[in-house]
Every structure is written in structure tokens, then in C-alpha cells.
1. Could you tell me whether segment 99-120 includes any residue that is in contact (Cβ under 8 Å) with a residue 40 or more places away in the chain, open to solvent by 10 Å² or more (accessible area, probe 1.4 Å) and of a type in the set (Gly, Ala, Ser)?
2. Which one of 413, 441, 470, 504 is surrounded by fewer than 20 Cβ atoms within 10 Å (Cβ to Cβ), on the phi < 0 side of the Ramachandran plot and touching a residue at least 40 places away in the same chain (Cβ under 8 Å)?
3. Return the residues of segment 458-497 that are touching a Gly at 6+ places or on another chain (Cβ under 7 Å) and closer than 26 Å to residue 54 by Cα; say none if nothing qualifies.
4. Over 30 Å from residue 133 (Cα atoms) and hydroxyl-bearing (Ser, Thr, Tyr): is that true of residue 457 in this structure?
5. Please work out which one of (1) in contact (Cβ under 8 Å) with a residue 40 or more places away in the chain; (2) surrounded by fewer than 21 Cβ atoms within 10 Å (Cβ to Cβ); (3) more than 17 Å from residue 322 (Cα to Cα); (4) in contact with a helix residue (DSSP H, G or I) (Cβ under 8 Å, 6 or more places away or on another chain) is the condition residue 457 fails and give its number.
6. For segment 457-484, how many residues meet the condition of being under 24 Å from residue 408 (Cα atoms) and not in a helix (DSSP H, G or I)?
7. Can you tell me which of 497, 479, 485, 492 is open to solvent by 50 Å² or more (accessible area, probe 1.4 Å), more than 30 Å from residue 138 (Cα to Cα), out of contact with any helix residue (DSSP H, G or I) (no Cβ under 6 Å at 6 or more places or on another chain) and not small (Gly, Ala, Ser)?
8. Residue 348 is checked against (1) free of Cβ contacts under 8 Å to residues at least 24 places away in the same chain; (2) surrounded by fewer than 16 Cβ atoms within 10 Å (Cβ to Cβ); (3) assigned to a helix (DSSP H, G or I) and fails just one. What number does that condition carry?
Amino acid sequence: MKKLAFLGGAAALGTAAFLAIQTSHAADHVDSTTLATSPMADINDVLAWTTSDASKVNLVMTVAPFNNVANHSFGPSVQYVFHVHSKTGVGAGVPGVGVETQVICTFASNTSAQCWVKDAAGTKDYASGDPSATTGLTSRVGKFKVFAGPRSDPFFFNLQGFRNAGAAVQAAVMGGGLTVDAAGCPNNLDDTTVGALRAMLGRRSRRPSPLSGQRCRLLRGRKRHGDRHPARQHPGQRHGQHGNRSVGLDPPGLVRRTTMKTIKLLSITVLAATSCGDNLKRETPADAPRVDAPVDALILPAAPTLGTQIERMGRPAVNTSLNASFFPDTPTNVAAKKDAYNQASNPATWGATMLTTGRTVVAEFMSNLAVIDVLDQGEPSLGGTGGCGNQVLYNGDLSGGGSPAAASYAALATILADDMLYVDTSKGSCLLHMALELDAASGGQLPHTQCGGRTPSHDVIDLSYSMLSAGVAGFDPLTQQPKITDGAAAHTDIDQTTFPFLGAPH
């Protein structure tokens, strides 16, 4: 049978600030004001992929985006946890959460850590000591090793460009210059204006350009070409509120022109197929016995009890781009939506979680997906076509199409609300991000031949922009490369075969 491991939602738990990952969440960049005040509990990225021989799973979590690592250290107030579920299929509609294994790490300091691998039966392996050497701290049973320390974050996301585009749409809505169809997709934007919005995704500017007028033409916009990564926060700088303003970014006159971020990293390689914790490596019926290798009578300490979740993350930028992104709201409501999303701890109810009164996660995602759908309108690489209605699973169809309706974006919103990284651990090639999701969404028309998951080299934002704006037409039919891009180039100092995978801090 297929061996599927679902790295479940990154979550921050604890008495002060706990971080747990329950389905892999990836890249949300200071997505709430709560996390802005707890940088070491703020998950930036989560990655999960198999080794080339499919014998091990690599798990990576980065935290504390935009913060100077010299001012922030690992400590006892935060607990970092990967929740890995092995179950029978992809999606929230698959009953149950499957067999869960947790990888938990706690810190006394940057050079003193404890990590556990545990399941419902108890601790399967344990490590303690100094995790800061790049060779890794090896566990007692010898089935995993862990590194924790500052590294260069490879995530390719022009966050400021996305925020500029979001603010421009918000300004148009507030000015009455934007109308939408029955599905919520903007229907009065000309090609020039949509092209300007696309351009915002790929550049940093001092302030977003407004859209106004009957046809919402771009009135003004100062271009500022530079690096494609968000500026680091100044030490001690106060974080602003969410809404039309950027959060935790340098003010316009103080933009740093850095090209890389230094970030705290947990990098863990776990679980050989024939050893303890093999539920990561084998999909079995619920009533089938699990057989773990003996641990040679080692007495392993019990893992700590997890605290209250304050942060979670799975797929890249989901909370950033699909929650409170394009429509005007008060800073208080925006912060409440972000926190409600992060604190939802039960995967079975993620889609139905109320972000505010009467507003579920799926409903919020639908409205923001509708805006992203228009971004391919007039795109030259698509022959000048595109626009509303061609997003993947629009009206439940893989290629989109059909008349706009209130539920046109419901199918994709429901899948994305199940915010996990899906990994087929029987496969050692991991070239395509979201390979399993595309298989499930297409009803098997796009069968996965890759492990899925997310590696350090996956340009997940370009893939997401292309899929969410142009659907299957957003990819080159021969190379499968995405056509809609934010221009953020890959780092060159990543190695997804050599632990700890990410480059030295810059």
C-alpha cells in the first residue's frame, strides 16, 4: 500500500509560547500581532521530504522571521513539535487523523536541548545535549538526529510585494472602484490594471499604489526594484497592526537591501523504515498490528505534555495570503482572524473554524481565492487570456470553467483549509510540491509519481500563484514550470541531501 505521512499543522503551544507543528505549515511570516511579540514562537517555514532511497524523512522548521538572531535565543518558554499523521488518503474528508507520531523538542538554551519521538504507546527515541553543531545531535536509539541554530532561510516569497497588491485591492474596494461577479472575482479590471497588480507581486515599493476610477486604472506607483525578500526587522522595533499597514517591516526610509535572511532552524532527520516509529513509513488498515523494532531495553524519558496552541503552519503562506488579505477590515478584526486560524488545533474542524462571528475559514479562503483568480488576466504567457473562472477546481472542475456562483471557489478552499503537507514516504523523488493534492483534486487524472511534501528548493509561491490564478494553464506543458512568478529567486546555498540542508547564516 502507499505510505503516506501527513505532517500536521505547525502549532505553537505552551505556558508562555508553545510551538507545535501539526500538519506541516509553511511560511506565514509574522502573521499575527500575538506572534509579533513572541518571535521564537513564530513559525516561518515547515518542510518535509524523503531521502532519495525513501528510508528516512527530513523535517525542517524555521522560526523568528525578520528578527536579528543575536537578540533571540531558544529557551524554555517555547516547545517545538512536528505532528506526523499516517492515514489512508489525502484530505480532511478522510475519516480520522490516522496514527500520530510526535517529534517534540524543548530547549534550556541554544546549546541545551531535549527531543522525543513518541506515539500513543510512549517514547520511541530520545536525544539530549547540544544541538548547535551542523553534524547533528544523534538520538539514543540512533534513529534520528537534530540540529538547531541560525541558518539562511531559502523561502522565496516577495512578501512586501504581496502586501502592496493586497493594499491596492483594499483601497479600490473602499473607494467603490471595484466590482465582483457572483463568485466574488473582480470583473471590472482592465488588462493594464491587472498587469500592474501582477507587477506589484514581484517588486518592493515604498507604498502600495491605489486603484481607482470606473475601470480601476493604476493612477500612480513608484517602482523600487531591489531584493526579493522582506527586510529584516530592526532590533527593538515595535510591530505595527495588521490591516492596510505592513507588520514588522522596516519603515520606508529604512529598508535594508539584504538578499538573505538569517533565521533560527530546527532540522531533523528521522526514522529509518525498519525501526521504531515506523508508522511514519507504513500505511496500514486501522485494525492491523504495528510492529516496532525493540529499543534494546533502553529506558527513555517520557515526553512532556503539550501546552495551548498559539501558532500552526502547513502549506506555504496560507494564513498570509488567504486570511484577511484583500478586503478592508479593522486591525482588531484582522488580528483576531489570524489568531483564530493559528489557534485551531483540531484538523477535523479546521475548515469550519470561526475566524470571526459567522465567518468560517472556508468562507474567508473563498473570498480571497476569488481575487487571486483574476491575476492572470491579460498575462502574455497565456496568450492574453485568463481572468476569472480558470482557477484549479473552480466549480469543482480541475480546469475550471462554468458560470460564477456563490460556491465556485468552495472545493479548492476546502482542500486548502486542510492545511497539511502530504508526503508519500514510499517515494524517494520529491520534485513536485503538492503532488498528492493534485492527484486527489484531479480524481487521479494527475497521478503522483513524486513524494510531494516540500523541499528547500521548491519555489512554492510561484507554483501557488500559477495554480490559484491560472489553473492548469499556468504551467508550461513540457517543463511544468509555473508561468506566474513573483520574481523571487532561489538561494544557492541549499542542499536537500546533506544535513542540516540550509546554508550558513548571512
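The values are calculated or read from the model by the stated rules, or taken from the named source; none is laboratory data. Given the structure is predicted, the values throughout are model-derived calculations rather than measurements. Positions of Cβ are backbone-derived with ideal geometry, glycine not excepted, and every protein chain shown enters the neighbour counts. With ligands, DNA and RNA removed, areas are computed over all heavy atoms of the protein, side chains included. Shrake-Rupley method; radii C 1.70, N 1.55, O 1.52, S 1.80 Å.
1. No, segment 99-120 contains no residue that is in contact (Cβ under 8 Å) with a residue 40 or more places away in the chain, open to solvent by 10 Å² or more (accessible area, probe 1.4 Å) and of a type in the set (Gly, Ala, Ser).
2. Details: 413 fails: surrounded by fewer than 20 Cβ atoms within 10 Å (Cβ to Cβ); 441 fails: surrounded by fewer than 20 Cβ atoms within 10 Å (Cβ to Cβ); 470 fails: surrounded by fewer than 20 Cβ atoms within 10 Å (Cβ to Cβ).
Result: 504 is the single residue among 413, 441, 470, 504 that is surrounded by fewer than 20 Cβ atoms within 10 Å (Cβ to Cβ), on the phi < 0 side of the Ramachandran plot and touching a residue at least 40 places away in the same chain (Cβ under 8 Å).
3. If the condition is that a residue be touching a Gly at 6+ places or on another chain (Cβ under 7 Å) and closer than 26 Å to residue 54 by Cα, then 491, 493, 494 are the ones that fit.
4. Working: over 30 Å from residue 133 (Cα atoms): no; hydroxyl-bearing (Ser, Thr, Tyr): yes.
For residue 457, the condition - over 30 Å from residue 133 (Cα atoms) and hydroxyl-bearing (Ser, Thr, Tyr) - is not met.
5. (4)
6. The total comes to 4.
7. Details: 497 fails: more than 30 Å from residue 138 (Cα to Cα); 485 fails: out of contact with any helix residue (DSSP H, G or I) (no Cβ under 6 Å at 6 or more places or on another chain); 492 fails: more than 30 Å from residue 138 (Cα to Cα).
Criteria check complete, one pass: 479.
8. (1)
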